[in-house]
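Here's the structure we're looking at; comments come further down.
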Amino acid sequence: MTTSTLAEHAERTVPPLSPSGRRRLGSRRPGRIRAKLAKIPLNLAVVFILVITVYPLIWLLLSSFKTNDEFVNGSVFALPETLNWQNYIDAWTTGNMGQYLSNSVLAVFPALALIILLGTAAGFALEVMVWKGRNGVLLAFLVGIMVPGQMILLPLFTVYFQTGLSGSLWPLIITYTGIGLPLTTFMMATFFRSIPREVFEASTLDGASIIRSFFTIGFPMVRNGIFTIALVQFFFIWNDLLIALTFTNSSALRTIQVGLLNFTGEYGATQYGPLFAAICINVFGTLVIYLALNQRVMKGLTAGSVKG
Amino acid sequence: MKHVLGDKRAIAILLGPALLVYTAVMLVPVLWSLGYTVFEGNTIIGFTFVGFDNFTRLAGDPKVWDAVLFTLKYALVVTVGQVFIGYLMSLLYVFVLKKSSNIVRTLVFFPVVLPTVAVALLFQKLFEVAPQTGVVNSIINSFGGESVDWFGSGANAFLVIAIMDIWRSIGFYGVLLYAGIVEIPEDTLESARLDGATGWGLVRHIVLPLSLPVLLSAVIFSINGTLKVFDTIIALTNGGPGNATSPLTLYMFQTSFSYGEYGYGSTIALLLTIVCLLVTVFIFRSSRRDLTKA
């Protein structure tokens, strides 16, 4: 690590780019060169880390275009000979990934909307409104963050089974909402804490009811927070396996995660290409969101954990 | 103005729905599940009261203790791996890459958002032996080694599970700990450097003590996640070979849904909850002792 501190000091004093865009001559002094050399092992380490992170994903993408013949006879490192889209068509239709994807969308987004609406309202009631016992209620919500999912599976399963809800996606929507609420409520309360109460008091002077000022003033003011929480909850729910596996009783109701889990056993055991294509389809949604919003996702997910 | 913000009807309208759903989905089922522990049966054959039979069975069930041992071993290894490597990553971000660390941070974080099932299937293929020789075995072969049957023995399967869970989360812990280290004032570091602290010395005596709070929250978050591990294992090994990689969560799931023993399943779930609580409390208390010493 001494080498790195040396390199560190060197880097700190490296002059900024001159107007012409080239480094000044000073950077060619021997000390600088030694500092640059000292950085090589560290740079190699960084490259190594990036390869380990990114290569499996590139390999996944490449494999999804290979034919069965290439899997059996070719090297694992070989590039696919053609862009074989047939794998994707097979995974989507024969492998039912299309159906599973639409189930996931139909279960996740209603739950997400409910979590945001109910959680924000509850956060507002617990933080902005003034009443006795709100700390107790907040604490009751906090307990929910700790409880393992296994603790609530059997009673909920019994209820859904006996009310006949098991034949629909409702068990997923209801359970996701309930599980998402503790963290959402808690974090929304934190966001409302930074808004002075006077804002809401002032709005009610104009005759608006407090509920109306929640929707017209409170909701828009925590827009950013809502967006962050929606992202975090989306990843939690979209990637969930336990709830989806327990509460869906027919293959027509499988979410994309449950579908992919069964894919290996039912169809993908012999069909390598379609299996890799199915994994790619599964990954695609989260990939797009992450590419577009990575900084917010990183902030949101890590913030959610520290609070939880 | 107090009466506007104290409007009982408005509070009920805003808080009511959330509290109702939360109570119905979380609080009531937790108590209900506690009730199940003194019954045996399931929704189809009905329930019979058995008193504390489930608890005596739990105490004498070797599979439970195997599962507890596996859960603890897994949680310990993966938590240490995640937090330790994550900490190294965060040091790399802060002290080596500095401003240019953003792109590395973003790339390394990427696996965090991927669905566990997808990552597990990917790792199955990466570590495959036959019919296709996977990437890992191909690399071993190219160095002249024999292919390893990664899912053939409990020890090897454990290794793959641990590698996968660390692989997919170091980006997360890197960023989490990075946020903690960046907050250390530059003045503090600079004066330590003037006093002659460099490299590891600087990290050990200045950075490490100052980042203990964020390290603690990383450990607690990690241990809570790893004690409840489920997706990773069901998708990667399904508890196999045999029961060699079966944690409490999976044993609970199989007992309840494969064998239809709701009472015993609830008892295992209760044990899991207690283990989570005990471990968290234990970490909190031992860390507090350390902090007062330092």
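Observations, loosely collected:
- Highlighted here are the helices (runs of 4 or more DSSP H) found entirely within the range B:1-68 that include at least 3 residues which are touching a Pro at 6+ places or on another chain (Cβ under 6 Å): B:28-36.
- Counted as qualifying within the range A:193-276 are the helices (runs of 4 or more DSSP H) with 3 or more residues that are modelled with pLDDT of 85 or more, within 12 Å of another protein chain (Cβ to nearest Cβ) and closer than 23 Å to A:PRO148 by Cβ, namely A:223-238, A:242-247, A:256-263.
- Candidates B:LEU277, B:LEU215, B:LEU270 - the one that is out of contact with any helix residue (DSSP H, G or I) (no Cβ under 6 Å at 6 or more places or on another chain), assigned to a helix (DSSP H, G or I) and open to solvent by less than 30 Å² (accessible area, probe 1.4 Å): B:LEU215
- When residues of the range A:277-306 are limited to those that are of a type in the set (Val, Ile, Thr) and open to solvent by 40 Å² or more (accessible area, probe 1.4 Å), the one nearest to the other protein chains (Cβ to nearest Cβ): A:VAL306
- Single match in B:PHE55, B:PHE143 (criterion: without any contact (Cβ under 8 Å) to a residue 40 or more places away in the chain and more than 9 Å from chain A (Cβ to nearest Cβ)): B:PHE143
- Within the range B:106-140, the set of residues being more than 7 Å from every other protein chain (Cβ to nearest Cβ) and either in a helix (DSSP H, G or I) or among the aromatic types (Phe, Trp, Tyr) (or both) comprises B:VAL119, B:ALA120, B:PHE123, B:GLN124, B:LYS125, B:PHE127, B:VAL136, B:ASN137, B:ILE139, B:ILE140.
- When the range A:158-174 is filtered for residues that are open to solvent by 40 Å² or more (accessible area, probe 1.4 Å), in contact with a helix residue (DSSP H, G or I) (Cβ under 7 Å, 6 or more places away or on another chain) and at pLDDT 90 or above, only A:ILE174 remains.
- Among the residues listed as B:PHE110, B:PHE123, B:PHE127, B:PHE84, the single one being of a type in the set (Phe, Trp, Tyr) and either over 30 Å from A:TYR290 (Cα atoms) or within 15 Å of the chain's Cα centre (by Cα) (or both): B:PHE84
- Summed over the range A:212-227, residues that are out of contact with any Phe, Trp or Tyr (no Cβ under 9 Å at 6 or more places or on another chain) and touching a residue at least 60 places away in the same chain (Cβ under 8 Å) total 1.
- Candidate set: the range A:68-80, residues that are in a helix (DSSP H, G or I) and free of Cβ contacts under 8 Å to residues at least 40 places away in the same chain; chosen: the one farthest from B:LEU20 (Cα to Cα): A:ASN73
- In the range A:104-120, the residues that are touching a residue at least 40 places away in the same chain (Cβ under 8 Å) and open to solvent by 10 Å² or more (accessible area, probe 1.4 Å): A:LEU106, A:PRO110, A:LEU112, A:LEU114, A:ILE116, A:LEU118
- Residue match in the range B:80-100 (condition: under 23 Å from B:SER246 (Cα atoms) and within 9 Å of chain A (Cβ to nearest Cβ)): no
- Residue in the range B:84-95 that is open to solvent by 10 Å² or more (accessible area, probe 1.4 Å) and among the small types (Gly, Ala, Ser) present: no
- Those residues of the range B:232-255 which are in contact (Cβ under 8 Å) with a residue 40 or more places away in the chain and of a type outside the set (Val, Ile, Thr), in sequence order: B:ALA235, B:LEU236, B:GLY240, B:PRO241, B:GLY242, B:ASN243, B:ALA244, B:SER246, B:PRO247, B:LEU248, B:LEU250, B:TYR251
- Of all positions in the range B:198-212, at least one carries a residue that is without any contact (Cβ under 8 Å) to a residue 24 or more places away in the chain, open to solvent by less than 40 Å² (accessible area, probe 1.4 Å) and small (Gly, Ala, Ser).
- Residue identified as part of a loop (DSSP other than H, G, I, E, B) and in contact with a strand residue (DSSP E or B) (Cβ under 9 Å, 6 or more places away or on another chain) among B:GLY196, B:GLY260: B:GLY260
- Within the range A:28-80, considering residues that are at pLDDT below 85 and among the hydroxyl-bearing types (Ser, Thr, Tyr), the one least open to solvent (accessible area, probe 1.4 Å): A:THR67
- Filtering the range A:81-96 to residues that are assigned to a helix (DSSP H, G or I) and open to solvent by 80 Å² or more (accessible area, probe 1.4 Å) leaves A:GLN86, A:ILE89, A:TRP92.
- Any chance A:TRP59 is within 30 Å of B:PHE172 (Cβ to Cβ), in contact with a helix residue (DSSP H, G or I) (Cβ under 8 Å, 6 or more places away or on another chain) and of a type in the set (Phe, Trp, Tyr): yes
- Candidates B:THR237, B:THR245, B:THR226 - the one that is modelled with pLDDT of 85 or more, within 13 Å of chain A (Cβ to nearest Cβ), within 18 Å of B:PHE151 (Cβ to Cβ) and in contact with a helix residue (DSSP H, G or I) (Cβ under 6 Å, 6 or more places away or on another chain): B:THR237
The values are calculated or read from the model by the stated rules, or taken from the named source; none is laboratory data. From a predicted model like this one, the values you see are computed outputs, not experimental measurements. Glycine also receives a Cβ, built like all others from the backbone with ideal geometry; neighbour counts cover every protein chain displayed. In case anyone asks, the SASA skips ligands and DNA or RNA and just uses the protein heavy atoms, side chains included. Shrake-Rupley method; radii C 1.70, N 1.55, O 1.52, S 1.80 Å.
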